[in-house]
Each structure stands twice: as C-alpha cells, then as structure tokens.
Amino acid sequence: MPEIRTLCESHRKLQHRFETAKDYHSSLSGHIRFAVAAGSLGSQNTCRLLMEFSTQHKGIEFQTEIGPNLNKVLNGTCDVSTFTGNLELSGLEAIPRGRAKYFALASPSYIKKFGYPHHPSELSQHFCAVFCGASRARTEYLQKAKEKRIVTYGKTVTSTDVLFLKHIVLQGEALIVDLPVGHCAKEIKLGHLVPVLDGWHRNSEPLWIVTSENKWKDPKIRIFMKWYATAWSEMLQKAEDSLRNCLNDVFIEEILDSTP
C-alpha cells in the first residue's frame with residue numbers, strides 16, 4: 001500500500017503539471033513577426049498553418065513579411081524566419097522542418113509545342129522560368145546519381161516569387177527546373193504539370209525555422225517554432241507520399257528517395 005500511495009501521488013503531481021502546461025500554452029498572447037519566402041507566404045499551406053495556430057492560441061497575432069532575413073532575426077526586428085539551405089547557427093536557434101526537394105516541370109501544352117527535354121544540355125533551347133531570391137540562389141547545376149551538369153538557360157523570365165513562375169509554367173509559356181514538391185505535388189497528380197529531364201534535378205536542401213538566441217527565451221516563440229516545424233514536415237511528407245503512385249521510378253529514386 002505505501003508503494004501504491006507513492007505511485008498515485010507521483011501520478012497526481014505529473015497530471016497537475018500537464019494541466020498547468022496546457023493552461024499556460026492556451027494563454028499565450030502577443031505578436032509574432034514572421035518572415036517567409038514570397039512564394040510560401042502566398043501559398044495556401046502557410047496561410048492555413050498560421051490560421052490553425054492562431055485558432056489554437058487565440059491571443060497570438062502574426063505580422064508577416066516577405067523574407068527570409070536572418071539579419072533582421074539577429075538584430076531583433078523580426079522574431080522568426082524560414083530559411084532554406086545550409087545554415088550558420090552563430091547567434092541563432094533553429095529547428096529543421098524537412099527538406100526541399102525540387103522537380104523540373106512543364107505543362108502538357110508546353111511539351112506538345114516545344115518538346116520534352118531529356119537532358120540539361122537541351123535547356124538552352126527552351127524558355128525557362130528561373131527563381132532567384134533571398135530564400136535560395138538561382139539553380140546553376142543539376143545532378144543525376146553522381147553526375148552534375150551546369151545549366152545553360154535559353155530565354156528566361158526571372159522572379160523572386162515562385163508562385164508567379166509556377167503560374168507561367170502552368171500557362172504553358174515556360175518550363176521550370178526547380179519547383180519545390182510542396183508547390184507542385186497536386187498539379188503533378190492532376191496531370192497539369194509533367195516532370196521532365198528524366199530525373200535530373202536540383203539537389204535537395206534542408207529547411208529551417210529560425211529565431212535569435214534571445215527570442216528563443218520567449219515561450220510563445222519556442223512553442224510556435226516547434227509546432228510549425230512539425231506541421232510543415234508532416235505536410236511535405238504527405239505531398240511526397242501522394243506522388244509515389246503517379247511518378248516513374250527514376251523520379252522517385254532520384255528526387256524523392258535521394259539522400260544528400
């Protein structure tokens with residue numbers, strides 16, 4: 001009996017801590033200044049996640065801006081930012097939120113009019129939608145297995161907004177070599193976009209959500225970052241899984257299953 005009483009008392013204390021933590025989380029309040037890449041900020045996925053977190057924590061309000069900008073995070077004028085690529089952590093706290101995996105894509109109408117490119121060397125003959133922004137640099141080379149090839153674009157339209165470029169590709173005006181899977185899984189499944197280049201792709205990159213070491217001390221920042229990282233990782237995994245029944249093996253092996 002004494003051992004049972006001790007166990008029950010431990011359980012009571014643990015349960016109290018959980019309830020206290022739950023009440024604490026639900027009482028979060030204040031603004032979170034969140035910098036997100038232009039395309040992600042305009043996507044339904046990001047909007048949905050921010051609305052979902054705001055619903056769970058009614059005292060939280062988001063102030064979003066086009067980013068990312070790590071300097072603003074470090075100097076405190078921005079609370080949280082997304083980031084793509086290798087990250088220097090000096091002065092920062094970061095949580096991984098999956099990996100960016102990229103497809104080279106064209107619409108069926110573009111392929112019918114201009115042909116299907118099989119190799120990076122053919123891109124000089126095509127009109128290409130090219131991304132170049134703060135979230136990631138212009139794609140300079142593509143790879144397949146252990147082989148790499150420098151990309152020489154033909155005519156180009158360049159933008160810092162990946163959704164603008166995606167629209168051009170969907171309209172059949174250009175192809176794109178580096179559309180992230182989160183922006184194209186649905187369109188590939190529906191047949192609105194077709195993977196091209198036979199598995200040649202931009203190498204995948206780590207995705208992060210970051211804040212400063214000082215802001216990390218704020219509970220609402222930590223809770224939001226952990227929640228967002230988990231939600232984003234799960235969303236990307238669902239997008240990848242949804243593609244496995246509609247892609248050729250080469251695209252699954254080279255892009256979805258490739259290791260960095």
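The values are calculated or read from the model by the stated rules, or taken from the named source; none is laboratory data. Keep in mind that what you see is a predicted model, and the values were worked out from it rather than measured. Using ideal geometry, Cβ is built from the backbone for each residue, glycine included, and neighbour counts are taken over all protein chains shown. Note: areas computed on protein heavy atoms with side chains; ligands, DNA, RNA excluded. Shrake-Rupley method; radii C 1.70, N 1.55, O 1.52, S 1.80 Å.
Considered as a group, the residues in the range 127-158 that are assigned to a strand (DSSP E or B) and open to solvent by less than 20 Å² (accessible area, probe 1.4 Å) include one that is farthest from L207 (Cα to Cα), and that residue is C128.
Among the residues of the range 236-247, those identified as assigned to a helix (DSSP H, G or I) and either open to solvent by 50 Å² or more (accessible area, probe 1.4 Å) or in contact with a Ser or Thr (Cβ under 7 Å, 6 or more places away or on another chain) (or both) are Q237, K238, D241. In the condition set (1) in a strand (DSSP E or B); (2) under 21 Å from H183 (Cβ atoms); (3) not polar (S, T, N, Q), I60 is compliant with all but (2).
The criterion of being open to solvent by less than 10 Å² (accessible area, probe 1.4 Å) and not in a helix (DSSP H, G or I) holds for L179. For the range 248-260, residues that are of a type in the set (D, E, K, R) and not in a helix (DSSP H, G or I) total 1. Looking only at residues of the range 192-220 that are β-branched (V, I, T) and surrounded by 22 or more Cβ atoms within 10 Å (Cβ to Cβ), we find that the one that is farthest from F251 (Cα to Cα) is T211.
Of everything listed in (1) modelled with pLDDT of 85 or more; (2) open to solvent by 30 Å² or more (accessible area, probe 1.4 Å), the single unmet condition for G85 is (2). Name the residues in the range 68-105 that are under 19 Å from the mean Cα position of the chain (by Cα) and hydroxyl-bearing (S, T, Y), would you? Hits for the range 68-105 are S81, T82, T84, Y102. Quick check: is even one residue across the range 222-235 part of a helix (DSSP H, G or I), out of contact with any His (no Cβ under 6 Å at 6 or more places or on another chain), crowded, with 18+ Cβ neighbours inside 10 Å and of a type in the set (D, E)? No: zero hits. If the condition is being under 21 Å from H118 (Cα atoms) and not in a helix (DSSP H, G or I), then the range 187-221 contributes G191, H192, L193, V194, P195, V196, W200, H201, R202, N203, S204.
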